[in-house]
Amino acid sequence: MSGVRLLVGTRKGAFVLTSDGKRQDWMVEGPLFGGWEVFHVKASPADPKRIFASLSKGWFGQVIQRSDDGGKNWEPIGNEFAYGAGPGNHLWYDGSERPFEFTRIWQFHPSREDPDVVLAGAEDAAIFRSEDGGRNWDELTSLRASTGSGWQPGAGGLCLHTILSNPADPAQLRIAISAAGVFGSEDSGKNWKPMNRGLSSEYIPDPDAEIGHCVHRIANHPERPEVLFMQKHWDVMRSDDGGANWREISGNLPSDFGFAIGVHAHEPETVYVVPITSDSEHFPPEGRLRVYRSRTGGNEWEPLTSGLPQENCYVNVLRGAMSLDDLDPCGVYFGTTAGQVYASADDGDSWTEIVRDLPAVLSVEVQTLS
Amino acid sequence: MIRVRLPEQLRTLAGVGKEVGVEVAGEITLRGVIDAIEASYPMLRGTIRDPATGRRRPFIRFFVAEQDYSNLGPDDPLPTALSGGREVLMVVGAIAGG
């Protein structure tokens, strides 16, 4: 029987939540790596027992751990992320120049074909590739070489937080950097170009600015990779041409600020967001935790509230903290900064709290197990 | 043998007790000791010093015999009392918080 495994990264360790295909009863294991900030835990689609975990800590820097047995045993692997050729500096908050310095890995993107190949998105923003299962990492330097000298961090840091690839053409990549924007490559990362046309950000005076847009998350459906959905700082956006042009689809959302966005596994026009009140009030509007679903590819959104707290709820849902499984009906999962993880086994119609009182949830990834 | 006392997080990561012993040939320096730690415990590579720059991580401190050697140059000599385990090199995670 099929099942699911949630890989949950938190401020103080990682947790593994498992269930069968019904997704009603859950087993919670953890913490793994107690005390470490775990920004991302991600399994390889090519080898579901291989899992990568990004641990970091202000005291001790970055540690990458890998499991080859589905999370039972872990070993530290390569944590040398050396910046290669390219601009030495990016812009700092005050407009001065500041050297690119590695802080942590925000996201892994393991290859669908080869379990030894994995991409990693870093803060300060850069993309690294490993071809030996994460033991050694090389920067794909042309990303920073393109426009990196003009990147300036947002409040969350200059982080490369999202990596998407096209299953039919793995050379086609789309990545997103907080406060820099979306960038695309058609040749496995040898060349990159900004893809932010149509984005509008009130803190950027030039409406045609090529970079500088605070993209919080992008998502797509693997069978229709040319359609991209974006939760920007403000605005929910959509592109129908692989990111070349964007248009707003915020429609009737109570707030178009937010962090997380996800696409249904079987319905490419069904999209999920969690509206957050504003950039200064990082909690749901009216203290009601609502996931909003559009079944029309945007603009028309319906609130999903059954099983979610509808009063006195002032949590946040961070950009990496939503994930969807491949089962039918589609399972939807998200974690909060107050340590709850919610699950829906019916496309979002109803929700249950799998676990509460974990440390603040940074990331949620679901694995559908056969 | 040089005795090194590690902070709790690094002990857990390396699967060791409070103290480890490492061998350092020749003059005892921070670079030599950390090289030896990383050789014996590869999982600690990069946790005490930045692997790219070689700089001590800002919240790490090095104490020997009640003296702070955190800002000692990587190739400057540490106290000879470390030799033979008469004193301990303490790798300390600084307090940060309220």
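What the table shows:
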| quantity | calculated |
| --- | --- |
| Test for A:Asp328: is it open to solvent by 10 Å² or more (accessible area, probe 1.4 Å) and touching a Leu at 6+ places or on another chain (Cβ under 9 Å) | no |
| Long-range neighbours under 6 Å by Cβ, at least six apart or interchain, first residue within 14 Å of another protein chain (Cβ to nearest Cβ) and assigned to a loop (DSSP other than H, G, I, E, B) within region A:69-92, second loosely packed, with under 13 Cβ neighbours inside 10 Å and of a type outside the set (A, V, I, L, M, F, W, C) | A:Gly88/A:Pro99 |
| Verdict on A:Glu286 being surrounded by 14 or more Cβ atoms within 10 Å (Cβ to Cβ) and among the acidic types (Asp, Glu) | no |
| Within region A:203-252, considering residues that are within 22 Å of A:His282 (Cβ to Cβ) and basic (Lys, Arg), the one most open to solvent (accessible area, probe 1.4 Å) | A:Arg217 |
| Of all residues in region A:352-362 being over 15 Å from A:Thr18 (Cα atoms) and under 21 Å from the mean Cα position of the chain (by Cα), the one that is least open to solvent (accessible area, probe 1.4 Å) | A:Val361 |
| Enumeration of residues in region A:168-179 that are within 26 Å of A:Arg112 (Cβ to Cβ) and buried (at least 21 other Cβ atoms within 10 Å of the Cβ) | A:Leu173, A:Arg174, A:Ile175, A:Ala176, A:Ile177, A:Ser178 |
| Considering residues of region A:93-106 that are open to solvent by less than 70 Å² (accessible area, probe 1.4 Å) and not in a loop (DSSP other than H, G, I, E, B) only, the residue farthest from the other protein chains (Cβ to nearest Cβ) | A:Trp106 |
| Test: residue in region A:7-24 that is open to solvent by less than 50 Å² (accessible area, probe 1.4 Å), touching a helix residue (DSSP H, G or I) at 6+ places or on another chain (Cβ under 7 Å) and closer than 23 Å to A:Phe60 by Cβ | no |
| Set A:Ser306, A:Ser294, A:Ser344: member being at pLDDT 95 or above, out of contact with any His (no Cβ under 8 Å at 6 or more places or on another chain), among the small types (Gly, Ala, Ser) and open to solvent by 10 Å² or more (accessible area, probe 1.4 Å) | A:Ser306 |
| Residues satisfying the stated conditions in region B:34-66, i.e. in contact with an Asp or Glu (Cβ under 7 Å, 6 or more places away or on another chain) and more than 22 Å from A:Tyr83 (Cβ to Cβ) | B:Ala36, B:Leu44, B:Arg61, B:Val64, B:Ala65 |
| Selected residue (only one of B:Arg45, B:Arg3 is among the basic types (Lys, Arg) and either in contact (Cβ under 8 Å) with a residue 60 or more places away in the chain or farther than 22 Å from A:Trp36 by Cβ (or both)) | B:Arg3 |
| Unique match (being open to solvent by less than 20 Å² (accessible area, probe 1.4 Å) and of a type in the set (Ser, Thr, Tyr)) among A:Ser165, A:Ser200 | A:Ser165 |
| Pick from region A:128-161, criterion over 19 Å from A:Pro87 (Cβ atoms) and modelled with pLDDT under 95, ranking: least open to solvent (accessible area, probe 1.4 Å) | A:Gly156 |
| Top-ranked residue in region A:37-53 [being free of Cβ contacts under 8 Å to residues at least 60 places away in the same chain and open to solvent by less than 10 Å² (accessible area, probe 1.4 Å); ranked as nearest to A:Thr368 (Cα to Cα)] | A:Ile51 |
| Strands (runs of 3 or more DSSP E) fully within region A:180-269 counting 1 or more residues that are touching a residue at least 24 places away in the same chain (Cβ under 8 Å) and in contact with a Ser or Thr (Cβ under 6 Å, 6 or more places away or on another chain) | A:215-221, A:224-232, A:236-239, A:257-263 |
| Lone qualifier among A:Leu143, A:Leu164 - being assigned to a strand (DSSP E or B) and under 21 Å from A:Gly243 (Cβ atoms) | A:Leu164 |
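The values are calculated or read from the model by the stated rules, or taken from the named source; none is laboratory data. None of these values were measured; they are calculated from a predicted model. Neighbour counts run over all protein chains shown; Cβ positions are idealised from the backbone, glycine included. For the accessible areas, the whole protein counts, side chains as well, though only heavy atoms, and no ligand, DNA or RNA atoms are used. Shrake-Rupley method; radii C 1.70, N 1.55, O 1.52, S 1.80 Å.
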